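For reference, the structure discussed in these notes is given below.
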There are 4 protein chains.
Amino acid sequence: MMTPAPTPSLLDALVGDGEIGAFFSRDADLSAMLRVETALAAAEAEAGLIGDEAAQRIADACRAFQPDWDRLAKGLSQDGVVVPELVRQLRSAVGETHAKAVHVGATSQDIIDTGLILRLKDVVEVYLARLGALAGALRDLRTRDGAASLMAHTRMQRALPFTAADKIDTWLQPLERLEDTLRHLAPRLLTIQLGGPVGTRAELKGHGNAIADAMAARLGLGSAPSWHSQRDRVGEFASWLSLLSGTLGKIGQDVALMAQNEVREVRLATGGSSSAMAHKSNPVPAEVLVTLARFNAGLLGTLHQALVHENERSGAAWTLEWLVLPQMAVTTGAGLKLAQGLVENLTFLPSAAR
Amino acid sequence: MMTPAPTPSLLDALVGDGEIGAFFSRDADLSAMLRVETALAAAEAEAGLIGDEAAQRIADACRAFQPDWDRLAKGLSQDGVVVPELVRQLRSAVGETHAKAVHVGATSQDIIDTGLILRLKDVVEVYLARLGALAGALRDLRTRDGAASLMAHTRMQRALPFTAADKIDTWLQPLERLEDTLRHLAPRLLTIQLGGPVGTRAELKGHGNAIADAMAARLGLGSAPSWHSQRDRVGEFASWLSLLSGTLGKIGQDVALMAQNEVREVRLATGGSSSAMAHKSNPVPAEVLVTLARFNAGLLGTLHQALVHENERSGAAWTLEWLVLPQMAVTTGAGLKLAQGLVENLTFLPSAAR
Amino acid sequence: MMTPAPTPSLLDALVGDGEIGAFFSRDADLSAMLRVETALAAAEAEAGLIGDEAAQRIADACRAFQPDWDRLAKGLSQDGVVVPELVRQLRSAVGETHAKAVHVGATSQDIIDTGLILRLKDVVEVYLARLGALAGALRDLRTRDGAASLMAHTRMQRALPFTAADKIDTWLQPLERLEDTLRHLAPRLLTIQLGGPVGTRAELKGHGNAIADAMAARLGLGSAPSWHSQRDRVGEFASWLSLLSGTLGKIGQDVALMAQNEVREVRLATGGSSSAMAHKSNPVPAEVLVTLARFNAGLLGTLHQALVHENERSGAAWTLEWLVLPQMAVTTGAGLKLAQGLVENLTFLPSAAR
Amino acid sequence: MMTPAPTPSLLDALVGDGEIGAFFSRDADLSAMLRVETALAAAEAEAGLIGDEAAQRIADACRAFQPDWDRLAKGLSQDGVVVPELVRQLRSAVGETHAKAVHVGATSQDIIDTGLILRLKDVVEVYLARLGALAGALRDLRTRDGAASLMAHTRMQRALPFTAADKIDTWLQPLERLEDTLRHLAPRLLTIQLGGPVGTRAELKGHGNAIADAMAARLGLGSAPSWHSQRDRVGEFASWLSLLSGTLGKIGQDVALMAQNEVREVRLATGGSSSAMAHKSNPVPAEVLVTLARFNAGLLGTLHQALVHENERSGAAWTLEWLVLPQMAVTTGAGLKLAQGLVENLTFLPSAAR
C-alpha cells in the first residue's frame, strides 16, 4: 500500500504520530515491497521454480535498489498500482540474465497487501507497547489519586459521589479488553497474501502452498490461502482501531468535562494558551482525543464500504482502503500518545481544592 | 433498549427480517426488562437484600404485567428512558407491601442494557444458525457447480479463467471466519449490566458482586463488572454486523456482475420484473445485499460515535445506540436470509450456455 | 418510495415525529403513487396518448382503490419495487377496457420518485412552519432573557462574559440561513420525475415534454427533464436535513452544558427523572438533539454513497435511499419539535441565582 | 486552518491534486494568516484603534516574516492552535514599539477561519474553471459521439437502446446544477470571520462592524457577523464537495461498467496495465472516481459531526474540521481532473465495433 509520506505539516504536531506515520512513508512502503519480492524469490528457489542464483541476484538487487520515484509515480498514476513499474525497474536492476525470475507467478496485490501486512505487524507491536504503558499510567494514577472523592455525572447532571478509582476503572477495563482482542486478531490479520493474478496460485505450478508457507516463514508472518478479495480482516482491524480511538475519546471527553472551571475535579499540569485570553488553560489533548474518536469512527464507516470488493479485484474498493487505513492507523497511534501524556499530567483534586 | 416495533411497512418485505425484528419489538423489549427485574429481585432475595416473599411477588407481578403503554411512552418522552415509569407501574402491580422491593439498588441502565443483551443472545443464536445454513448452501453449490469454468475479473476487466469453486471459496472463507469471531466475541458481549446509579454497586450494600453473579446465572448470561459507560463491546458487536453485511454485499455484487446479460456466468432461478420492460429479470436480492452492506457500514460509523460516552451515563450517546443497533441487527439478519435465497437460486452456467 | 409505516414503538415517543412520519407511511406512499398515476393519465389524455374516458376511469379507480397489501408486499419482495404489482392491481381495478391505458410510457421510478417528491413538498412546508415557530420562540426568549449576563466558554473553559442575547443570536442566525437555503433548493427539488424505462420519454411518442409539463402542473410540482439516475437533488436535500439537525444539536449541546448543576446558567422548566436518583432533573430534549445531529450526520454520509447510481437505474443505490431518507426526514422533524419545546422551557438564570 | 503540506507521496500521483493541495500547505496557511493580520491591522488603523504607523509596520513585518516552524509546531501542539505562538513571533518581528498593535481585539479563530476562507475563495475559482472545462469536454464528446447507439441498463441488466447523447446528458445536467449551486453558496461562504475571543467584537470598542467591513473589503471577502461557532456554511460547502464527487463517481461507475470487455460500449484511449496479465487495460481513472465519491461521502458524514460545536468554541469539533475539510477539497479537485482526463480519452463505440 503506497501511502503518503509523513507530512512535515504543522497539524501533525497536534494529531500526527511520527513513529506510526513512518510505517506508511513511501520509503517504508517500497522497502516492504522489496522484502516481499525477495522472500517470494527465495521461496520460489526453494521450490525449484526459479534458480538459486536468480533468487540471490534478486535479493542483492532489492537490497541495493535505487528507485526512480518519478517513474514510479507516473506508473501508479497510469496503472492504479505501482507494482508494474516497480517490477520493471527491479528487473532492470536484476539484469537481463535473471530479470524473468522477478515476480514470477505473483501479482501486484500479492506484493502490496503483503507489504502492508508486514508493516501492520510492526504497528501492532507499537500499539501493544503503548497500550501497556497507558494502562500502567492509569494504574499509577489510581494508586496515587484513586481515593479522591469525585462526583459521578449521568446525563450531564450530578449523580452521586464515587471515587477517582471508580472512574479510572471505567477507562482501564475497555483498554484491557482491547489489548486482549488485538492479541487475538493479530494472528488472523498478520498473514501473507499470495494468490497470483486471480488468487488461485495456478501460476506457481503446483508449488503455490509450499511457496506461500516458505515466504510466510521468511517474512515472520502467518500463511493462509489467498485473501485478496476478502477484506474482512482489514475491516476487523479497522474496527479495532476505531474501538480504541473511541475508548480514548471517552477518556478525553470525561477529562474535558471534569476540567471545566465550574467543576474542577481534575487539573492538568499544563494547559493550552489563548491568543486573546491570558487566563485560559485549555485541555487540548483531551479535546483532541474526542476529535480522533469521531474521525476514526467516520473513517471506519468508509473503510467498511470497501468490503464490497467487486469480483477478483476492485480498483475502486482497494484504493479506498489505501486512502483510509493509514490515516486510521496513524491517528490511533497519536491517540495513544496523547492519552498517555494526558494521564501523566492529570491530578484528581481533593474536594477541598474545588 | 426500547426500540421500534417491527413495522408493518412494505419495505420490510424487501429488507426486513420478521424473526430478528421481533426481538426489538416493544413487547420483546418490555418482556426482557421484566425478566431482568425478576432476576434482580430473586438474586437480591438470595443475598438477603429483600425478602423471599417480595421476590416471589415481583416475579408474579412481572409474569402477569399489563403495561399502560401510553404512560410508558409519555414517561420515555419525559425521562429519556422508560424505566422510571415502568418501575412506577410495576410497583403498583406488586402492591404496597412489597413495592419498595422492586428495582432495589438498580438504575434504568441496568434494566435496559441487560434487557438488550438478553435479546442479543437470541439474535446471536439466529445468526449462527443462518450462517451455518448459508455456508451449507454454498458448499452444496460448490459441489454441484464448482467445476464450471468461470472468467475471473479484476478491476472490472476479464482476467484469467478459474472455476466456480474458486469463486465460491472466496465467499465462504470469510463467512467461516466470521462465524468463528462471533463465537469468540459472544461470551464477552453476553454479560449482564448491573451497576446501580453510577456503576459502583454501592447501593447493593456489599452484596453487589454476589447479586450480579446470581442474576447472571438466572438469566443465562455471563457476569462482569458494571460496563454501563464502556460501550466497546456494543461497538465490537456492531463491527461484526457490518463485517458480515459487507461480506454478503460482496457476494451480491459479484452475482449482479456475473448475471449481467453480457456476461451470463450465472443465472438466477427467479428475477425481478419491471413495470415497463417485459424482458427484464432483475437480480434483486443481489442488489439488496449491496444496499445492506453500504447501509450497515454507514451505521457502524455512526454507532462508533456513541463510544464517546460522557461521564457515567450519556443520554446523547446511549440514545444514539438505540437508534442504530436494532437497525443493524435486523438488516444483518435480512442479509443472511437474502443471501441464502440467492445462493439456492443460483446456477453457474457452463461456458457453452453463454 | 415505499417506506415503513409510522411505528407504534415507544422510542417514537422520544425521537419520532407523527406528522412527518405520516408522510412516509405505506398509506401515504400508496396514495401519492395513485395521485401520480392519475396525473399521468390525465396528462396523457390531454396529449391524446390515451382517451379521456380512460383517464377518467383511471382517476376513479385510483380514488376508490383498495390495495391487496399482501400481494403488494410480495411483489415488492420479488421485483425490488412495488410498482409492477401495483400496476397489475390498478389495471384490474380499472377494468379490461381501459386497463392498457394505465401507466402508459412510464416506469416504476417515475411513479415512486414523483410520489416521494409530492410528499417532500408537504414535508418542506412543515419544516418551514416549524422553523418559523422556532425562530419566533428564540426571538421571544431573547426579548425576555437576552440581557442576562452569561459566561462564554471556549474549549470547555470559561472565557469572558457576554449576554444571553449574544448566545441566542448564534443559534438563530444559522436557522435563518437554513430557512433561506430551503426556500432556494425547494424549487430545484420539487419537480416531477418522468422518463419512462430509460429516461428518454421515448415511449411517450413525441409528447413527453408536454405530458411532463401537464403532469407537473396537475401535481403542483415543477417540470424538469428526467432525473432518475441523477440523485444530486436528493443528496442536496439530505445535506440540508443534516445541516439543520446539526444546528439544532449545537443548541442542545449548549443547553446541556449550561444546565450542568455546576454551571447553572439556564434552567429547564421540566427535567427528566431517574429510576434511581430522586434529585435528578435531566436535560433530555437537549441530549436528544445531540443524538439526532449525530444520527443524521452519519445517515448523510450513507445517503451520499447512493449518488453512485450505476447506469440508468441502480437497485442497490436506490434502495439505499429508501432506507435512509425517510429516517432523516422524520428525525429532522422531531428535532424541530424538540428544539421548540426546549426553547420554550428554557430560562436564562440571572447571575445572582447561580 | 493549519493543514498538511502537499505530501510527496506516491499515492498523490493517483488521488492528489497539486494545485488544490497547495492551498492547504503550511506555507499557504501561514501566508493567508499573515494576510489576515495585515488586513486586520489596516482596518483597525482606519478605525483609529491602532496607529497608521503600527499598521504599516505590521504590514511590513508580515511581508518579510520568517517563521520559526519548529516553535510554531510546538505551539500548536501545546495550545491546540498555532496562533498564540504565531502572534508571539509576529510581535517580535514587528518590534517593541508596535508589538501591542498586532492582533488587537482578535482571537485565534478569527485568523484561522478567515485564513481558510481566503484560500477557499481560490479553491472555488479553480473548481468553477474545471467544472466549465469538464462540461465543455462532455459537450464535445456529445457532439462527436452523441449519435452512437447505446444499450441502457437498469438494475444491472440490459434495458432498452438509447444514445450516447442521452447518457452524456445524465452526466452533464447535475454538473450544471452544481456549478449553479456553487455560485449561489459562494457569497454565503466567502465571508470573513471576526469576533474576538467570544464572538461579540467587544474588544474592538464599538468599531467592530466598521473594522469587519474594512477588513473584508481589503481581503476581497464578504462581511458578516461573527460565525465562529456556526459551522453551517462550512458544512454546506462540504456537502457540495461530496455532491460533486458523487456525481463524478457516477460517471466513473458508468464508464467502468460500459468498458467491461463483455460490454464494450466505450473504449479508453489508455488503460492501466497489470504486473501479471499483459492483456489487461484497466479503467483506472473511472475506478478512482468511484473511490473518491465513496471517500468524500464518508468524510461528509464526519464533517457534519463537527456541526455540534460546543458553546463559543469547540476544540474537538474545530480540529475535526481541520482533519476532514482539506482532504475533501483536494480529492474533489482530483476528481475533476480525473473526470476531464477520462472524458477526453473516451470513445463511444459504434455497435458494429462491439
Checking the conditions here, which among D:201, D:183, D:142, D:155 is more than 7 Å from chain C (Cβ to nearest Cβ), farther than 25 Å from residue D:335 by Cα and among the basic types (Lys, Arg)? D:201
Confirm whether residue D:11 is buried (at least 20 other Cβ atoms within 10 Å of the Cβ) and within 11 Å of chain A (Cβ to nearest Cβ). yes
Taking interchain pairs and intrachain pairs at least six residues apart, which have beta carbon atoms under 7 angstrom, with the first residue in region C:329-345 and over 11 Å from residue C:138 (Cα atoms) and the second acidic (Asp, Glu)? C:330/C:17; C:333/C:17; C:333/C:19; C:334/C:17; C:337/C:17
Positions within region C:115-129 being aliphatic (A, V, I, L, M) and surrounded by 16 or more Cβ atoms within 10 Å (Cβ to Cβ), in sequence order: C:116, C:117, C:118, C:120, C:123, C:124, C:126
Sole miss for residue B:87 among (1) in a helix (DSSP H, G or I); (2) in contact with a Ser or Thr (Cβ under 8 Å, 6 or more places away or on another chain); (3) within 20 Å of residue B:42 (Cα to Cα); (4) touching a residue at least 60 places away in the same chain (Cβ under 8 Å) is condition (4)
For region C:239-262, the count of residues that are assigned to a loop (DSSP other than H, G, I, E, B) and surrounded by 21 or more Cβ atoms within 10 Å (Cβ to Cβ) equals 1
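Can you pull out the residues in region C:90-127 that are in a loop (DSSP other than H, G, I, E, B) and of a type in the set (Gly, Ala, Ser)?
Applying the first criterion (in a loop (DSSP other than H, G, I, E, B)) to region C:90-127 yields C:95-98, C:102-107.
Within region C:90-127, C:95, C:105, C:106 meet the criteria.
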Is it the case that region C:297-311 has a residue that's in contact with a strand residue (DSSP E or B) (Cβ under 8 Å, 6 or more places away or on another chain) and open to solvent by 10 Å² or more (accessible area, probe 1.4 Å)? yes
Search result, residues across region C:312-354 that are in contact with a strand residue (DSSP E or B) (Cβ under 7 Å, 6 or more places away or on another chain) and either part of a strand (DSSP E or B) or among the hydrophobic types (A, V, I, L, M, F, W, C) (or both): C:313, C:346, C:347, C:348, C:349
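Being open to solvent by less than 30 Å² (accessible area, probe 1.4 Å), in contact with a Pro (Cβ under 7 Å, 6 or more places away or on another chain), within 23 Å of residue A:274 (Cα to Cα) and not hydrophobic (A, V, I, L, M, F, W, C): is that true of residue D:75 here? Don't jump to the end; show me each part of the working.
Working: open to solvent by less than 30 Å² (accessible area, probe 1.4 Å): yes; in contact with a Pro (Cβ under 7 Å, 6 or more places away or on another chain): yes; within 23 Å of residue A:274 (Cα to Cα): yes; not hydrophobic (A, V, I, L, M, F, W, C): yes.
Taking the combined requirement at face value, the residue satisfies it.
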Pull out all pairs, ordered by first then second residue, where Cβ-Cβ is under 7 Å, the residues are six or more apart or on different chains, the first lies in region C:1-18 and is within 17 Å of residue C:120 (Cβ to Cβ), and the second is basic (Lys, Arg) and modelled with pLDDT of 70 or more. C:2/C:26; C:17/C:337
Please work out which residue is nearest to the other protein chains (Cβ to nearest Cβ), limiting yourself to region C:27-63 and to residues that are open to solvent by less than 20 Å² (accessible area, probe 1.4 Å) and touching a Cys at 6+ places or on another chain (Cβ under 8 Å). C:37
Okay, helices (runs of 4 or more DSSP H) sitting entirely in region C:10-51 with 1 or more residues that are modelled with pLDDT of 95 or more, in contact with a Ser or Thr (Cβ under 7 Å, 6 or more places away or on another chain) and within 19 Å of residue C:203 (Cβ to Cβ), I get C:26-46
Members of region D:247-262 that are at the interface with another protein chain (Cβ under 7 Å from one of its Cβ atoms) and either among the polar types (S, T, N, Q) or in contact (Cβ under 8 Å) with a residue 40 or more places away in the chain (or both): D:247, D:249, D:250, D:253, D:254, D:257, D:260, D:261
Any hit, region A:64-82, residues being out of contact with any Asp or Glu (no Cβ under 9 Å at 6 or more places or on another chain), farther than 22 Å from residue A:117 by Cα, more than 14 Å from chain D (Cβ to nearest Cβ) and not polar (S, T, N, Q): yes
Determine whether residue D:102 is under 24 Å from residue D:206 (Cβ atoms) and in contact with a Gly (Cβ under 6 Å, 6 or more places away or on another chain). no
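Could we say that residue C:277 is farther than 30 Å from residue D:257 by Cβ, more than 7 Å from every other protein chain (Cβ to nearest Cβ) and either touching an Asp or Glu at 6+ places or on another chain (Cβ under 8 Å) or free of Cβ contacts under 8 Å to residues at least 12 places away in the same chain (or both) here? Spell out how you get there, then give the answer.
Working: farther than 30 Å from residue D:257 by Cβ: yes; more than 7 Å from every other protein chain (Cβ to nearest Cβ): no; either touching an Asp or Glu at 6+ places or on another chain (Cβ under 8 Å) or free of Cβ contacts under 8 Å to residues at least 12 places away in the same chain (or both): yes.
It is false that residue C:277 is farther than 30 Å from residue D:257 by Cβ, more than 7 Å from every other protein chain (Cβ to nearest Cβ) and either touching an Asp or Glu at 6+ places or on another chain (Cβ under 8 Å) or free of Cβ contacts under 8 Å to residues at least 12 places away in the same chain (or both).
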Among the residues that make up region D:268-287, is at least one of them open to solvent by 20 Å² or more (accessible area, probe 1.4 Å) and in a helix (DSSP H, G or I)? yes
Residue D:196, sole failed condition from (1) in contact with a Gly (Cβ under 8 Å, 6 or more places away or on another chain); (2) more than 14 Å from chain C (Cβ to nearest Cβ); (3) open to solvent by less than 30 Å² (accessible area, probe 1.4 Å): (2)
Of all residues in region D:149-171, how many are in contact (Cβ under 8 Å) with a residue 24 or more places away in the chain, more than 19 Å from residue D:262 (Cα to Cα) and open to solvent by 30 Å² or more (accessible area, probe 1.4 Å)? 1
Here is a check on your reading of the model: is residue A:319 over 22 Å from residue A:167 (Cα atoms) and within 14 Å of chain B (Cβ to nearest Cβ)? yes
For region D:303-313: of the residues being in contact (Cβ under 8 Å) with a residue 12 or more places away in the chain and at the interface with chain C (Cβ under 7 Å from one of its Cβ atoms), which is farthest from residue A:297 (Cα to Cα)? D:312
Which of the residues belonging to region A:332-354 are surrounded by 24 or more Cβ atoms within 10 Å (Cβ to Cβ) and among the polar types (S, T, N, Q)? A:332
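A quick yes/no check of all residues on (1) assigned to a helix (DSSP H, G or I); (2) touching a residue at least 24 places away in the same chain (Cβ under 8 Å):
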residue	(1), (2)
B:173	yes, no
B:178	yes, yes
B:187	yes, yes
B:196	no, yes
B:203	yes, yes
B:206	no, no
B:224	no, yes
B:227	no, yes
When every residue in region C:229-238 that is in a helix (DSSP H, G or I) and either without any contact (Cβ under 8 Å) to a residue 60 or more places away in the chain or touching a His at 6+ places or on another chain (Cβ under 6 Å) (or both) is compared, the one farthest from residue D:303 (Cα to Cα) is C:233
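Go over the candidates A:280, A:337, A:250 one by one and state the one that is of a type in the set (D, E, K, R) and within 16 Å of the chain's Cα centre (by Cα). Outline the logic, then answer.
Numbers: A:280 fails: within 16 Å of the chain's Cα centre (by Cα); A:250 fails: within 16 Å of the chain's Cα centre (by Cα).
So the residue among A:280, A:337, A:250 that is of a type in the set (D, E, K, R) and within 16 Å of the chain's Cα centre (by Cα) is A:337.
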Would you be able to tell me the number of residues in region A:325-354 that are within 17 Å of residue A:123 (Cβ to Cβ) and β-branched (Val, Ile, Thr)? 3
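The values are calculated or read from the model by the stated rules, or taken from the named source; none is laboratory data. All figures in this text were calculated on a predicted structure; none of them were measured in a lab. No Cβ is skipped: glycine too gets one built from the backbone with ideal geometry, and neighbour counts run over all protein chains shown. To get the accessible areas, we keep the full protein, side chains included, count just its heavy atoms, and leave off ligands, DNA and RNA. Shrake-Rupley method; radii C 1.70, N 1.55, O 1.52, S 1.80 Å.
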